[in-house]
Amino acid sequence: MKDYLKKDEWKIIEEGFNPSFNRISESIFSLGNGRFGQRANFEETYSGDTLQGHYLAGIYYPDKTRVGWWKNGYPEYFAKVLNAPNWTGIRFDIDGEVFDLSKCEVNDFKRILDMKNGVLERSCEAKLKSGRIVKIHSKRFCSIANDNIACIRYSFKAVNFADPIQITPYIDGDVMNEDTNYDEKFWEPISETADEHQAFIITETKKTAFQVCTGMQILIEKNGDQIDADNKSFTKDKYAEIAINTRIKDDQEIVVYKYVANITSENHPKNELQTICKKEVEAAAANGFNQLLADHQNAWAKKWEESDIIIEGDVAAQQGIRFNIFQLNQTYTGEDERLNIGPKGFTGEKYGGSTYWDTEAYCIPFYLSTADQRVARNLLVYRYKHLQKAIENATKLGFKDGAALYPMVTMNGEECHNEWEITFEEIHRNGAIAYAVFDYIRYTNDENYLTEYGLELLIGIARFWSQRVHFSNPKQKYVIHGVTGPNEYENNVNNNWYTNFVAVWCLKYTMYAINYVKSNAPAKFESISEKIKFYEVTETKVWKDIVEKMYFPVDTEKQIFLQQENFLDKEIIQVKDLPNEDRPIHQKWSWDRILRSCFIKQADVLQGIYFFEDAFDVETIQRNFRFYEPLTVHESSLSPCVHAILAAKIGDYDKAYEMYLRTARLDLDDYNNDTEDGCHITSMAGTWMAVVKGFGGMRIENDMLCFTPYLPSKWKGYSFKIRFRNRLLHIQVNQSGTSIRKVAGDELTIKVKDKDIRLVRDQSIQC
Ligand code: BGC
């Protein structure tokens, strides 16, 4: 755990230069606007330790897979979000001496991420080897008001010298991914152009042939006056710069404005990229930094207006939750149904920027409650659009007749992951994708989604489960063998309770969806059936039999569900009895020791109970929670939030708070020692859930929105807003109780602590 950042309600503040934490800070101080984003790399030359990272949503490279023992069915490639052309760079040479913080004595270093306004600032005083002292201040943002553009204002001040200086803003597409499998660069040059004020490069990804035009328009001021003297442009493959030569002397300040646009062939014809990019940078420069910043801040204000959570009386908790909300909002905006949420967002290369079950299991509830309904819907449509690929994926593995297995990891619908125990066995992901359809409809009432997209996807998934089970004669039950549940510290197990449960649930829900579409849109049902050759009577007969005769491992003595068959044959040791030096076990133990142990990486049985809570009484939840929580090491960031929600449900509020703390400041405090790889974006949605569903007790029960709020004793109060079926509600919890206000939308009846409350006007109701 690290504690080098200052606590503040709206800002993340680093004071003092910490080169050894630089990668961590680069992750934490990242910026994005849903369309592109970047790590907090310095603008000027930096020869110290750094992970350079600029990312463009949806632009990836299929890096040829490297595995020891190839297995049939493995995908040929692992899709990687690319380290894209660097548009932040500005070089400073003072009479030949390169300004590089890693070679300077650095004082008064300060880095601030202003989450309210979506702005990154950095300032310091640096003494170069020559004794020259400079003061710098940089400010930048990726506009969410216009997601094509970004701006930098960089000021450079001479403190004690008078010398010639060359200032060189540049764009550099000659970049690499650190995680490249074959030391390969993924970008090819297409064109470079530059004049005294503008520069553009067009680069193309190898294999996938995405083209990107990265352009800049620059403006340089010395002591407030624009200087254009002697601007010299230079280009080479994948690179363009504009160098400005001038002189600087004591107390003079040079300010560089860099107006940047990133335009990709994802959204525009290739032959128009540069024209559009040029228009964007010219319009940005004409508007000027301050106006663009104001537009950007207004857009952020709107986001905060609806998604903020206010925690009173605990600055660390307040900073933590806002950091999570900030990152989620800058990673995914829901503007484009082809995009999704990589576990690291725009903050690092790990997990390849691809889509995991994290989106359906963790992220959708956040976007459902804090953004327009269309945002969560787009995340569902994304999977619908990949249905054909999921069918191809299942076919490749030997399934037939339209059975669909969604990939564990994907960019374009194709499976990218190649560890057999995950690729072939972690099939529970199919369940989460079906569950998300249910969750979305339960929340929004948009049942029409079933007719339009949901049913077809559900039938594909149901077909998969019906072929993946087999009938066990000794048990006279259906079983599912050879799986990995959400707990990846067990592989190739039989009858993982969660997987069996979710499989049966999918079959039941699909049959519900069939009936719904049949009675509400019979013609559509006919056309879907014909399109996918669905034989309702014969297929659902099999499904019903599976639903009736599925095997679920349980222990009758302890009255708990068993994570998998024979789980209790393991040596049962609690996490509290593990020596500290053995943790985290994934770093300290051999894989074989982990597999044989009873330790659980992340919620598994409890994940199922969380999803399908209505199916269990509180005593059942309690028994399972008390058995599994002490065995869980939470070595996936996705784990503690589920435990926090269930702990609150059973009234174990201390545990709920303990679990909440583990998620809320996971990256800010670098709990897992891995923030340098990037932030845990998808688990940030889990943190939001831990507050709203955990402490707030928000649920949909019998089609009604319900709350059972609890105030953690360390907090004076908390409040949040949620959107629900075209209403906007404001929930405030403090020592005097809970008050609910309907800020917008029609009348609504909700339940607070089991009492019906009718919300008629825009007024607070104390409950
Ligand atoms: C977790 C998976 C998750 C992945 C990406 C893994 O450590 O076990 O459940 O999908 O990380 O977040």
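The values are calculated or read from the model by the stated rules, or taken from the named source; none is laboratory data. As the structure is a computational prediction, the values presented were derived from the model and not from experiment. For neighbour counting, all protein chains shown are included, and Cβ atoms are generated from backbone atoms with ideal geometry for every residue, glycine included. For accessibility, only protein heavy atoms count, side chains too; no ligands or nucleic acids. Shrake-Rupley method; radii C 1.70, N 1.55, O 1.52, S 1.80 Å.
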Practice item. Kindly provide the set of residues from the range 411-426 that are within 12 Å of the ligand (Cβ to nearest atom) and either of a type in the set (Val, Ile, Thr) or modelled with pLDDT of 95 or more (or both), ordered by number. Key: 421, 422, 426
Revision key, fill the gap. Of (1) away from the ligand (no atom under 16 Å from the Cβ); (2) farther than 29 Å from residue 41 by Cβ; (3) part of a helix (DSSP H, G or I), residue 367 fails just (2)
Practice item. Inspect all residues belonging to the range 465-472 and state whether any of them is more than 27 Å from residue 375 (Cα to Cα), open to solvent by 60 Å² or more (accessible area, probe 1.4 Å), in contact (Cβ under 8 Å) with a residue 12 or more places away in the chain and in a helix (DSSP H, G or I). Key: yes
Review point. In the range 525-550, what residues are among the acidic types (Asp, Glu) and either in contact with a helix residue (DSSP H, G or I) (Cβ under 6 Å, 6 or more places away or on another chain) or more than 15 Å from residue 508 (Cα to Cα) (or both)?
Key: 526, 530
Check your understanding: Which of the residues that make up the range 90-116 are in a loop (DSSP other than H, G, I, E, B) and either open to solvent by less than 10 Å² (accessible area, probe 1.4 Å) or in contact (Cβ under 8 Å) with a residue 40 or more places away in the chain (or both)?
Key -> 95, 99, 100, 115, 116
Exercise for review: May I ask you to list the residues in the range 676-706 that are within 16 Å of the ligand (Cβ to nearest atom) and among the small types (Gly, Ala, Ser)?
Suggested key: 678, 683, 685, 686
Exercise for review: Please state which of the following conditions residue 673 fails to meet, knowing it meets all the rest: (1) open to solvent by less than 10 Å² (accessible area, probe 1.4 Å); (2) within 16 Å of the ligand (Cβ to nearest atom).
Suggested key: (1)
Revision key, fill the gap. When (1) within 12 Å of residue 689 (Cβ to Cβ); (2) open to solvent by 10 Å² or more (accessible area, probe 1.4 Å); (3) among the aliphatic types (A, V, I, L, M) are applied to residue 646, the one that fails is (2)
Check your understanding: How many residues are outside any helix (DSSP H, G or I) and within 16 Å of the ligand (Cβ to nearest atom) if we restrict to the range 611-630?
Key -> 0
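Condition check ((1) open to solvent by 10 Å² or more (accessible area, probe 1.4 Å); (2) closer than 20 Å to residue 337 by Cβ) across all residues:
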{"residue": "395", "(1), (2)": "yes, no"}
{"residue": "414", "(1), (2)": "yes, yes"}
{"residue": "429", "(1), (2)": "no, yes"}
{"residue": "436", "(1), (2)": "no, yes"}
**Study point:** Of all residues in the range 631-662 being within 12 Å of the ligand (Cβ to nearest atom) and not in a loop (DSSP other than H, G, I, E, B), the one that is farthest from the chain's Cα centre (by Cα)
**Key:** 642
Check your understanding: Name the residues in the range 363-408 that are within 18 Å of residue 503 (Cα to Cα) and in contact with a Cys (Cβ under 9 Å, 6 or more places away or on another chain), would you?
Key -> 407, 408
Point to revise | Test set (1) within 16 Å of the ligand (Cβ to nearest atom); (2) touching a residue at least 60 places away in the same chain (Cβ under 8 Å) - residue 355 fails condition number | key: (2)
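Anything in the range 420-451 that is part of a helix (DSSP H, G or I) and more than 19 Å from residue 379 (Cβ to Cβ)? List them, or say none. Please lay out each step first, then the result.
Here is the first cut: in the range 420-451, the residues part of a helix (DSSP H, G or I) are 420-423, 429-444, 448-451.
Those that are part of a helix (DSSP H, G or I) and more than 19 Å from residue 379 (Cβ to Cβ): 420, 421, 422, 423.
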Exercise for review: Please state which of the following conditions residue 756 fails to meet, knowing it meets all the rest: (1) open to solvent by less than 10 Å² (accessible area, probe 1.4 Å); (2) not in a helix (DSSP H, G or I).
Suggested key: (1)
Practice item. Give the residues of the range 555-570 that are touching a helix residue (DSSP H, G or I) at 6+ places or on another chain (Cβ under 8 Å) and either open to solvent by 50 Å² or more (accessible area, probe 1.4 Å) or assigned to a strand (DSSP E or B) (or both), sorted by residue number. Key: 555, 558, 559, 560, 561
**Study point:** Check on residue 498, assigned to a helix (DSSP H, G or I) and within 16 Å of the ligand (Cβ to nearest atom)
**Key:** yes
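Return the residues of the range 377-410 that are part of a helix (DSSP H, G or I) and among the β-branched types (Val, Ile, Thr); say none if nothing qualifies.
Within the range 377-410, the first condition is being part of a helix (DSSP H, G or I), and the residues that meet it are 377-385, 387-396.
Correct list: 381, 391, 395.
Right, residue 381: β-branched (Val, Ile, Thr), more than 16 Å from the ligand (Cβ to nearest atom) and closer than 24 Å to residue 698 by Cβ or not?
Considered against the rule, which asks whether it is β-branched (Val, Ile, Thr), more than 16 Å from the ligand (Cβ to nearest atom) and closer than 24 Å to residue 698 by Cβ, residue 381 comes out as no.
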**Study point:** Selection count, the range 663-715, where residues are within 17 Å of residue 322 (Cα to Cα), more than 15 Å from the chain's Cα centre (by Cα) and in a loop (DSSP other than H, G, I, E, B)
**Key:** 6
Review point. For the range 331-346, how many residues meet the condition of being in contact with a Ser or Thr (Cβ under 8 Å, 6 or more places away or on another chain) and more than 13 Å from the ligand (Cβ to nearest atom)?
Key: 1
Check your understanding: Out of curiosity, is residue 78 open to solvent by 20 Å² or more (accessible area, probe 1.4 Å), touching a residue at least 60 places away in the same chain (Cβ under 8 Å), in contact with a Phe, Trp or Tyr (Cβ under 7 Å, 6 or more places away or on another chain) and not basic (Lys, Arg)?
Key -> no
Revision key, fill the gap. Per the list (1) open to solvent by 10 Å² or more (accessible area, probe 1.4 Å); (2) modelled with pLDDT under 95; (3) away from the ligand (no atom under 16 Å from the Cβ), residue check on residue 302 breaks on (2)
Revision key, fill the gap. Among (1) at pLDDT 95 or above; (2) surrounded by 24 or more Cβ atoms within 10 Å (Cβ to Cβ), residue 352 falls short only on (1)
Practice item. Would you check which residues across the range 590-610 are of a type outside the set (Gly, Ala, Ser) and within 16 Å of the ligand (Cβ to nearest atom) and list them? Key: 591, 594, 595, 599, 600, 601, 602, 604, 605, 606, 607, 610
Practice item. Give just the number: which of (1) assigned to a helix (DSSP H, G or I); (2) open to solvent by less than 30 Å² (accessible area, probe 1.4 Å); (3) away from the ligand (no atom under 13 Å from the Cβ); (4) not β-branched (Val, Ile, Thr) does residue 361 not satisfy? Key: (3)
Review point. Do any residues in the range 477-495 that are away from the ligand (no atom under 15 Å from the Cβ) have Cβ atoms under 7 Å from those of residues that are among the aromatic types (Phe, Trp, Tyr) and in a loop (DSSP other than H, G, I, E, B), where the two are at least six apart or on different chains, and which pairs are they?
Key: 477/551; 478/551; 479/551; 495/551
Check your understanding: How many residues, within the range 146-166, are touching a His at 6+ places or on another chain (Cβ under 9 Å), surrounded by fewer than 19 Cβ atoms within 10 Å (Cβ to Cβ) and over 24 Å from residue 294 (Cβ atoms)?
Key -> 1
